[in-house]
Amino acid sequence: MKTKVSIAFGKRVADLRKQTGATQEEFAFACGINRTYFGEIERGEKNVSLECINRIANGLDIKLKDLFDYD
């Protein structure tokens with residue numbers, strides 16, 4: 001279910017991933033996340049677990065808190 005928070009978080013993840021130059025598929029594989037699920041995260045369709053959020057932050061090589069730096 002899309003919520004304002006999940007949409008904002010997904011956009012933030014997508015923007016940061018694009019800065020790395022990786023495709024969704026490449027990035028999801030590197031993080032150990034199913035490619036389809038990762039696409040749903042970026043579209044704001046999933047309520048993401050803390051474990052998955054941590055995997056994304058590690059994949060981006062950023063601090064966990066930096067994933068939540070959005071308006």
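The values are calculated or read from the model by the stated rules, or taken from the named source; none is laboratory data. No experiment lies behind these values; they were computed from the predicted model shown. Note that each Cβ is placed from the backbone with ideal geometry, even for glycine, and that neighbours are counted across all protein chains shown. These area figures cover heavy atoms from the full protein model, side chains too; ligands, DNA and RNA do not enter into them. Shrake-Rupley method; radii C 1.70, N 1.55, O 1.52, S 1.80 Å.
Would you calculate a helix-derived [θ] at 222 nm for the chain, using -39,500 (n - 2.57) for each DSSP H run of n ≥ 4 and dividing by the full residue count, to the nearest 500?
Result for the chain, helices only: -19000 deg cm²/dmol.
Any idea what the relative contact order of the chain is, in percent, if you count C-alpha pairs under 8 Å spaced at least 6 apart?
43
Can you spot the aspartates and glutamates whose alpha carbon is less than 18 Å from Lys65's alpha carbon? Ignore those fewer than 8 places along the same chain.
Once the sequence-local aspartates and glutamates are set aside, what remains near Lys65 is Asp15, Glu42, Glu51.
In the set (i) 4.1; (ii) 7.1; (iii) 4.6, which value of mean projected area of the Cα convex hull in nm² was calculated from the structure you see?
Given (i) 4.1; (ii) 7.1; (iii) 4.6, the calculated one carries the label (i).
Hey, any idea what % of region 19-71's accessible area is carbon plus sulfur with a 1.4 Å probe?
Ligands and nucleic acids excluded, carbon and sulfur give 46 percent.
Name the longest site-free stretch of the chain, where the excluded sites are trypsin sites (Lys or Arg not before Pro) in a DSSP loop with no more than 14 other beta-carbon atoms within 10 Å.
In short, 3-42.
Would you tally the net charge around Phe38, using a Cβ to Cβ cut-off of less than 15 Å, leaving Phe38 out, and scoring K and R as +1, D and E as -1?
Taking every Cβ under 15 Å from that of Phe38, the sum is +1.
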